[in-house]
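> Pasting in a structure now, in structure tokens, and then I'll have a few things to ask.
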Amino acid sequence: MGNKLPRKLEQKMQIVGEQIRLARLRRNLSIAQVAERATCSPMTIARIEKGVPTVAIGIYLRVLYALQLDDDILLLAQKDEMGRALQDIALKNRQRASKKV
């Protein structure tokens, strides 16, 4: 796969970057202010807002924390509809619950 992301993921990274940019603007913060609070460079903030996929997830967390949005990270993979469906299929095939010791 290399360093290039599939187009669908690139688009999602750009959406995330735009959402972070809008959150920063709603708080009337400059890129420099967010960079200082997140202890990273203004260039890194600009790269996040453009959706560049090579920025480390830890930096994203620090930026979200600087914007007071760090709890949003807990929403990742929360629904997991496919995983739940697979789990339900496996449960339907079971005949009895396991013995309790």
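> Any idea which residue in the stretch 51-63 is nearest to Arg7 (Cα to Cα), counting only those that are part of a helix (DSSP H, G or I) and open to solvent by less than 80 Å² (accessible area, probe 1.4 Å)?
Tyr60
> When the residues of the stretch 17-50 are narrowed to those that are assigned to a helix (DSSP H, G or I) and touching a residue at least 40 places away in the same chain (Cβ under 8 Å), which ends up farthest from the chain's Cα centre (by Cα)?
The qualifying residue farthest from the chain's Cα centre (by Cα) is Arg24.
> Separate question: When you check Asp80 against the structure, is it closer than 28 Å to Lys8 by Cα, surrounded by 10 or more Cβ atoms within 10 Å (Cβ to Cβ) and within 11 Å of the chain's Cα centre (by Cα), yes or no?
Spelling it out, it is not the case that Asp80 is closer than 28 Å to Lys8 by Cα, surrounded by 10 or more Cβ atoms within 10 Å (Cβ to Cβ) and within 11 Å of the chain's Cα centre (by Cα).
> Let me ask you something else. Could you please give the count of residues in the stretch 1-40 that are within 18 Å of Gly58 (Cα to Cα), loosely packed, with under 14 Cβ neighbours inside 10 Å and small (Gly, Ala, Ser)?
Adding up the residues that qualify gives 0.
> Looking at Leu86 and the list (1) surrounded by 11 or more Cβ atoms within 10 Å (Cβ to Cβ); (2) modelled with pLDDT of 90 or more, which single condition is not satisfied?
(2)
The values are calculated or read from the model by the stated rules, or taken from the named source; none is laboratory data. The shown structure was predicted, so the numbers you read here are calculated from the model rather than taken from an experiment. Heads up, the Cβs are rebuilt from the backbone with ideal geometry, glycines too, and the neighbour counts pull from every protein chain shown. Note: areas computed on protein heavy atoms with side chains; ligands, DNA, RNA excluded. Shrake-Rupley method; radii C 1.70, N 1.55, O 1.52, S 1.80 Å.
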